Each structure stands twice: as C-alpha cells, then as structure tokens.
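Step one of this worksheet: look at the structure below.
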Amino acid sequence: MRIRFGRAAVAVLGALTVGVSASACTSSPGAAALVGDHRISVATLQSVVNHGLADPQAQQQLGQDRAKFTRDQLGRLIDDVLIANIAKADGIVASPADIDQQLAQFAQHAGGEKQLEQQAAGAGIPAKDLRTFVRYYVLEQKISDKLVANVTVSDADLQAAYQKNIDQYDQVDSAHILVATKKLADSLFAQVKAKPSSFAALAKRYSIDTGSKDKGGELGYQAASGLVKPFADAIFSAKPGTYLEVHSQFGWHVVHVIAHRKTPLSEVADQLKASILQPKRQQLLSAALTAESHKVGVHVSPRYGVWNSVNGTIVAPSAKNDLSSPAASPAG
C-alpha cells in the first residue's frame, strides 16, 4: 500500500517552483489553508495530526518531527481537494464497490485486514480514516487511467520490457542427480532410462548436491539466469519428460526435464504496458494537480510554510515563523 502525503512519491517536474496565490489566509481566520473556496481549518488539521500520531509506531517514526508530519498532512489534505475537483469535472467517482475492492487488494498484499490497519496506522493513517484515504486513492488512480488512456506504447518497448523480465515468464521445472564422474553418470543415466520411476531413489543415494538429493533431486521451477549455462541451455531446449546427461563445472548431471512454463507476451502485454506507463502516469497526474492548484488558487497560512504546487508539499517556513505544529489536544 502506498501512503500518499501530498505528491511526495511523484517525481518533481522540472525545476522546483512555488505556486502560491497568496501568502496567508487572512480572509479566513483560523484556516490552515484555502483551496479555492474550500477551507481547511486549523482545528481540522490539528485533529488529523493528533489522530495520525496516536499509534505508538507512528509516534516513534513520525512524531519526532511533528512539524514535518503536520506539513505532510496539510499537503495531503490540499491534494485531496484538488483530486476531488478534477474527478468532479471529469465525472469520475469512487463507488463503495471500488473502495471495497481496493481495500481488499491492499489487505491481501498486507497479509490481512488487521495487518493493513496496523501498517496504515504506523504510517499515520488511523483505521477510522482508512476508507476515506482509499477513496481518494481510487479517484487518483481513475484520473491517472484517463490521463494515459491515449498514450501509446510501441511493440518494441513491450518486447524490451518482456525480455527484461523474462525470468518471470520463462521457467523450467527439473530434477537432477549430480555426480563427480562421467562413468557413474552414464550408469545412472542408463538405469533411469530403463526405469524412470527409480530417479528419486537414485538421487537420494548418489547425488552430491546436498540441497536437492533428499528431495529426489527436485530443483523446482527456475529461470535460465539462475542456472549455470550448460545446464540451462540443455533443459530449456529439451522437451518436458526428457532425460538428459549434462556436464558443467559442478560435475555430471543426470537430468529429468519435468515441465516448461512459458507465459507469452500477449498474456502479459497489459501488465507490461501499465508498468511502462507508470512514470508517465505520475508525471501527468502531478501536472494535472499543479494546473488545478493554479486554477483555483492555494493559500497556505505562513505558520505552516509555503505551498509548492509542483510536488504538492508544504515548504517549511523560516525559523522565526515556524509555528507549523499545532498544539496537541488537551488530555481528557
């Protein structure tokens, strides 16, 4: 799960520029920021910060610099307003089903709902705010999808990405009996050819590969890059079910080629395209949010710093004005 504080995870576009429409929120007392007509109050920001640091892990990791955490949270709140504006203008919505699906995906990656809540809380997102956080995440992804909808990826780029990740898409399952001499390998090879069912027992008895002998010589699915070249060349060119005798720097291998699992480019083209377009998605989304911030105007109280419209962050104020950490709520 990617925890988003403003656009900190997005690469800065060009030189760092500041897009501030006004230096203070004098037109709205008690405002931490104004985003167009939307007012983010100091009380709201203080509540978000206090709840975000309530988790002990968050307090340990993020509470040491409360001022920075406050700026990060304010940047996120500002970005949320900008995201909502763009989504509304484009007719994009995050339905309850969309949010449920994304939460389920995050939970699966985290190892369960409890683990997801723990990870989010440790990053400053309490469980009660998780659904709202995911709602904006879903809107962000849908906006990004629309922005790259007409961006093409060439066949050459897809092929290059496929080859770069070929270890994921081309693997062979094999077993071997490793011995020191060709004479013994020839004898074992003859026995295996005569009685294939004897392979596992022979591996346990004769193989000098301590990592696989007790498993009947099983090596499992492996990519060519993880094997010595003579061995890889032999098993990747053989038909499944074949028995081979191969020599490598480790000795003589009697090999059973069990299966060859190869995923064609056509089956992973969409996945690869999404991966190739990811930097472009981030660039276009950041540019869209920057444009929206210029359009509506973002005013940040100087006690918190200055709004950087390019990367969606609050730049720390000068030391004399550093009041960026709202006081903690009174106990009880």
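The values are calculated or read from the model by the stated rules, or taken from the named source; none is laboratory data. Everything numeric in this text was worked out from a predicted model, so none of it was measured. Don't worry about glycine lacking a Cβ; one is built from the backbone with ideal geometry, like all the others, and counts go over all protein chains shown.
Just checking, how many residues over the range 166-188 are of a type outside the set (Ser, Thr, Tyr) and farther than 21 Å from GLY211 by Cβ?
6
Of the conditions (1) in a helix (DSSP H, G or I); (2) not assigned by TED's automatic domain parsing to the domain that holds VAL35, GLN278 clears all except one; give me its number.
Condition not satisfied by GLN278: (2).
Please tell me if LYS213 is assigned by TED's automatic domain parsing to the domain that holds LEU244, over 29 Å from ILE276 (Cα atoms) and surrounded by fewer than 15 Cβ atoms within 10 Å (Cβ to Cβ).
no
Answer yes or no as to whether ASP233 is closer than 30 Å to ASN165 by Cα and acidic (Asp, Glu).
yes
Being within 18 Å of ASP129 (Cα to Cα) and touching a Phe, Trp or Tyr at 6+ places or on another chain (Cβ under 6 Å) is the requirement here; does ILE83 meet it?
Yes, satisfied.
Which residues, taken from the range 2-41, are modelled with pLDDT under 95 and of a type in the set (Val, Ile, Thr)?
Within the range 2-41, ILE3, VAL10, VAL12, THR17, VAL18, VAL20, THR26 qualify.
Among the numbered criteria (1) surrounded by 19 or more Cβ atoms within 10 Å (Cβ to Cβ); (2) out of contact with any Ser or Thr (no Cβ under 9 Å at 6 or more places or on another chain); (3) closer than 30 Å to PRO230 by Cα, which one does TYR137 miss?
The number of the failed condition is (3).
Find the helices (runs of 4 or more DSSP H) located wholly in the range 23-139 whose residues include 1 or more that are over 23 Å from the mean Cα position of the chain (by Cα) and hydrophobic (A, V, I, L, M, F, W, C), and list them.
42-52, 66-90
Check LEU116, LEU130 and return the single one that is touching a residue at least 60 places away in the same chain (Cβ under 8 Å) and in the same structural domain as ARG66 (by TED's automatic domain parsing).
Of LEU116, LEU130, the one residue that is touching a residue at least 60 places away in the same chain (Cβ under 8 Å) and in the same structural domain as ARG66 (by TED's automatic domain parsing) is LEU116.
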